[in-house]
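Structure first, then comments.
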Amino acid sequence: MIEKMPITKEGLEKLKKELSKIVTVDRPRNIRDIEEARAHGDLNENAEYHAAKERQAFLDGRLNELEMVINRSEVIDIDNLSTEKVIFGTTVELRNISSNERTTYQLVGPYESDPDNGKISVTSPVGRVLIGNEEGDEVKIKTPGGLQEFEILGIR
């Protein structure tokens with residue numbers, strides 16, 4: 001049985017949009033590039049041809065990956081979530097106990113994780129530590145800088 005992975009509706013739409021772009025824009029353009037490069041003659045020394053073939057392999061790989069991810073995805077409605085505990089889809093405000101620095105993360109599925117934009121996977125080390133905790137709880141998270149302690153200030 002295929003294990004389903006949680007995803008937000010927004011995350012699934014983003015993946016479907018990328019898949020559609022590969023199928024309708026990127027691959028057809030790349031096929032034209034291959035045909036054009038092939039028309040230039042000797043394929044052994046044709047850098048344009050080899051680059052286009054590499055691009056085709058990349059696009060095909062990404063297309064297969066996106067199809068697999070979309071098929072494994074289970075959309076979780078995050079509009080009516082309970083905010084009593086940290087669960088998939090909630091946004092958590094944390095305070096580093098030693099530095100007093102505040103951080104906010106939304107817990108999302110692994111395929112929509114984007115730490116630079118405050119979205120971390122529920123399967124990440126930080127996500128796994130936060131799941132199930134409540135506002136006011138203190139958690140210890142292993143970071144590249146060592147073990148850090150955080151207080152959960154809010155869940156929304």
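Observations
- Long-range neighbours under 9 Å by Cβ, at least six apart or interchain, first residue assigned by TED's automatic domain parsing to the domain that holds ILE22 within segment 32-52, second surrounded by fewer than 10 Cβ atoms within 10 Å (Cβ to Cβ) and of a type outside the set (S, T, N, Q): ALA37/ALA47
- Of the residues screened, ILE70 is one that is among the β-branched types (Val, Ile, Thr), under 28 Å from LYS21 (Cβ atoms), touching a residue at least 12 places away in the same chain (Cβ under 8 Å) and not in a strand (DSSP E or B).
- Those residues of segment 59-118 which are among the hydroxyl-bearing types (Ser, Thr, Tyr) and surrounded by 12 or more Cβ atoms within 10 Å (Cβ to Cβ), in sequence order: SER73, THR83, THR90, THR91, THR103, THR104, TYR105, TYR111, SER113
- Only residues that are without any contact (Cβ under 8 Å) to a residue 60 or more places away in the chain and over 19 Å from the mean Cα position of the chain (by Cα) were counted in segment 73-102, giving 13.
- Which listed residue is surrounded by fewer than 11 Cβ atoms within 10 Å (Cβ to Cβ), over 30 Å from GLU134 (Cβ atoms) and more than 23 Å from the chain's Cα centre (by Cα), from ALA47, ALA52, ALA37: ALA47
- Among residues of segment 55-72 being under 20 Å from the mean Cα position of the chain (by Cα) and charged (D, E, K, R), the one that is nearest to TYR105 (Cα to Cα) is ARG72.
The values are calculated or read from the model by the stated rules, or taken from the named source; none is laboratory data. The structure displayed is predicted, hence computed values, not measured ones. Backbone-built Cβ (ideal geometry, glycine too); neighbour counts: all protein chains shown.
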